[in-house]
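Novice: First, the structure itself, so that you have it in front of you.
Laboratory data are not the source of any read-out in this text; all were calculated from the coordinates shown. From a predicted model like this one, the values you see are computed outputs, not experimental measurements. Here the Cβ positions follow ideal geometry from the backbone for every residue, glycine too, while neighbour counts run over all protein chains shown.
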Amino acid sequence: MQIIVRLDVMLARRKMKSRDLAAAVGITEQNISLLKSGKVKGVRFDTLARICEVLDCQPGDILEAE
Amino acid sequence: MPAKFSILAKFLHLSAWVAFIGLPGVAVVFLMSGDPLSFVDTDFLSVPSPDVLGLHRWTLLGIAALPGIAMLYTIWQMIGLFDGFRQGRVITPIASRQMARLGKGLVAIALLTILVVPLQSAVLSMIAKAGEREISLVIGGEDIWFLIAGGLMVLIGYALSEAVRLSDENKGFI
């Protein structure tokens, strides 16, 4: 089973750019890009919480098991 | 890296370079200034040291130089390590390897220092008369401390390599 990251979908729904999300969450735009492409080993809970707070969504809206 | 450690790393880097250049320089000055065999300590012999000529002379000097060569190798590792530290490169694979090699160098210095006396006494004994031959062994407290310190540095090098592995793994998390 793989974890698929749907961050690009949420960003499109909220009409937000990666750069703005990165600034709001407090991580680099490069890390946002790596997260969107699924090329990270993991996400810390506090980072995930901040992303969900900024995008006004649930973790399940961003992460999907396939 | 905090400023005080960076300053310390710079000072140690410079000191290591001074030692790396100075030690061979001092050895060359001694060799050129007089009888190089005055370098060789024969106090460990209980019989008068025989006249040493030719090949035996250079063999004795070569044996005496062995700990010095190990010391130069160790100082070279220190130079690399301190250079990385002063540039803020602390938890790196190279630093862990240099730390381990530094430790092995200290162990080599201790072992070679211990070996110098029996090897030199064997060479001196070979050219001595029958009944005046002997092999001596001297182990000092500082030799033991070098062995312990060297072993400790090897273990620290291993611990640093684990820290590098964990740091790399941590970088994969956002």
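Novice: Ratio of the protein assembly as shown's C-alpha Rg to 2.2 N^0.38 Å, to two decimals?
Specialist: It is 1.72.
Novice: Same structure, new question: Please arrange B:13, B:56 by how many other C-beta atoms lie within 10 Å of their C-beta, fewest to most.
Specialist: B:56, B:13
Novice: Applying the Karplus parametrisation 6.51 cos²θ - 1.76 cosθ + 1.60 with θ = phi - 60° to the phi angles of segment A:25-42, what ³J(HN,Hα) value in whole Hz is obtained for each residue in order, glycine and proline being reported as x?
Specialist: Listing the rounded values in order: 7, x, 10, 6, 5, 5, 5, 4, 5, 5, 5, 4, 7, x, 9, 10, 6, x Hz.
Novice: Hey, can you grab everything whose amide H is under 5 Å from the amide H of residue A:63? Only 5+ residues off in sequence or another chain; H modelled, so Pro and N-termini drop out.
Specialist: Residues meeting the criterion, in which the H sits 1.01 Å from N, are A:6.
Novice: What is the sum of charges around residue A:34, taking Lys and Arg as +1, Asp and Glu as -1, for the other residues whose C-beta is under 13 Å from the C-beta of residue A:34?
Specialist: Computed value for this residue: +2.
Novice: Can you compute the radius of gyration and Dmax for segment A:1-47, using only the Cα atoms, both in Å?
Specialist: Rg and Dmax of segment A:1-47, Cα atoms, are 10.5, 32 Å.
Novice: Continuing with the same structure: Rounded to the nearest angstrom and ordered from largest down, what semi-axes does the equivalent ellipsoid of chain B get from its C-alpha gyration tensor (root of 5λ)?
Specialist: 42, 18, 11
Novice: Below 12 angstrom from the Cβ of residue A:25, what's the summed charge of the other residues (Lys, Arg +1; Asp, Glu -1)?
Specialist: For residues surrounding residue A:25, the net value is -1.
Novice: Net charge near residue B:95, counting Lys/Arg +1 and Asp/Glu -1 over other residues with Cβ under 14 Å of its Cβ?
Specialist: Charge balance near residue B:95 sits at +2.
Novice: Neighbour counts of other C-beta atoms within 10 Å: give me B:81, B:137 arranged from fewest to most.
Specialist: Numbers: B:81 25, B:137 10.
So the ranking, lowest neighbour count to highest, is B:137, B:81.
Novice: What residues from segment B:88-118 fall in the zone where the backbone N is under 14 Å from a label point 7 Å along the Cα-to-C-beta line of residue B:136?
Specialist: Flagged as within label range: B:114-118.
Novice: Counting only other chains, what is the mean number of Cβ atoms within 10 angstrom of the Cβ of each residue in peptide B:166-174?
Specialist: 4
Novice: Can you sort B:20, B:173 so the residue with the fewest Cβ neighbours within 10 Å comes first?
Specialist: B:173, B:20
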